[in-house]
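Read through the structure below, which is laid out as structure tokens, and then see the notes.
Throughout, read-outs are computed from the coordinates displayed, never taken from laboratory work. Keep in mind that what you see is a predicted model, and the values were worked out from it rather than measured. Every residue, glycine as well, gets a Cβ built from its backbone with ideal geometry; the counts of neighbours run over all protein chains shown.
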Amino acid sequence: MCYNVKASLEAQLRRAKENGDADMIAQITEQMQKYEVNDYHHTNGFEHQPFVIYEKEEPIIAHWGLIPHWTRSSDEKNEIWNKTLNARGESIWEKPSFRDSAKHSRCLIGIDGFYEYHHFKKKNYPFYIHPKKGGLTLGGLSSKWLNRETGELLNSFTIVTTKGNQLLSRLHNNPKLKEPRMPLILDSEEQEIWLHDEEASKKMIYPHEIELNVYSVEKLSGKDYKGNVEAVSKEKIYSELEFEGLYDPPEDLTLF
């Protein structure tokens, strides 16, 4: 699953900058300034932080955790929110929480990288996963929800996931899951298809093999957690994992 990411404001605005929309960039940047944190060295979905996402070509600010438009109350929103941080790509066109968004409101999310856990002897170890250059663009779904109690219109999103590729299959071994998962990572051509072509988008739900850097980092929760600071994504070697072979690249895979 993808519950932990690194997403600087620069990474979130990357698509708008590529499109050369200076006025929109200034407007979104000003809107983001009302939030205390714009650069996420580490954030997890359960914090429901605001991100810049892209619906069609328009950047908007939305909170992580999709709230379906049919949600009836704030209490129901709070009950749903933590369950919709990720959307299993194979079923988004059927599940009630996601099917309207899958059909009408697919979106893109720009990040620097993401964190996943490796489980070993009843402990979990966080790893940071990122491209050698630039950032990643993830496929997502978005929704607009009107809070009838306050009149507030809230934008929200979820990250679509797919089966883990060869790299994530080796790393993401959560015993509670049926299979390793990874976020849906899209290249530039796939991004346009995801935004504009529903039928073609259905064919994109598969594990993309992409060259990534991976290394273990310090704890992302608990008393040793450094918080949302740059050092949180610095490498930390765990000697007990050296026997797992996670620090040795496999012969047929040059992704580490």
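Globularity index of the chain is 1.00 (Cα radius of gyration / 2.2 N^0.38 Å, N = number of residues). Protection proxy ranking of 53-61, 231-239, by the mean of other Cβ atoms within 10 Å over each peptide's residues and highest first, is 53-61, 231-239.
Taking amide H as placed 1.01 Å from N in the peptide plane, the amide H of Cys107 sits under 5 Å from that of Gly140, Leu141, Ser142, each at least 5 places away or on another chain.
From least to most packed, judged by other beta carbons within 10 angstrom and beginning with the fewest, Tyr40, Tyr215 follow the order Tyr215, Tyr40. Using just its DSSP H runs of length 4 or more, each adding -39500 (n - 2.57), the chain gives a mean residue ellipticity at 222 nm of -5000 deg cm²/dmol after division by all residues.
Converting phi to 3J(HN,Hα) with the Karplus coefficients 6.51, -1.76 and 1.60 and the offset θ = phi - 60°, region 160-168 yields 7, 10, 9, 4, x, 6, 4, 5, 5 Hz in sequence order, with x at every glycine or proline.
Checking the table Lys132/Lys178; Lys6/Lys236; Lys133/Lys178 against a 21 Å threshold on Cα-Cα, which pairs fail?
Details: Lys132/Lys178 30 Å; Lys6/Lys236 17 Å; Lys133/Lys178 32 Å.
Listed pairs above 21 Å: Lys132/Lys178; Lys133/Lys178.
Residue by residue, region 85-96 carries 3J(HN,Hα) couplings of 5, 10, 10, 5, x, 5, 10, 5, 7, 10, 6, x Hz when phi is fed to the Karplus relation 6.51 cos²θ - 1.76 cosθ + 1.60 (θ = phi - 60°); x denotes Gly or Pro. If you take the Cα centroid of region 133-206 and the Cα centroid of region 32-80, the two points sit 14 Å apart.
Packing here is the average count of other Cβ atoms within 10 Å per residue, and on that basis the peptides 2-8, 71-77, highest first, run 2-8, 71-77.
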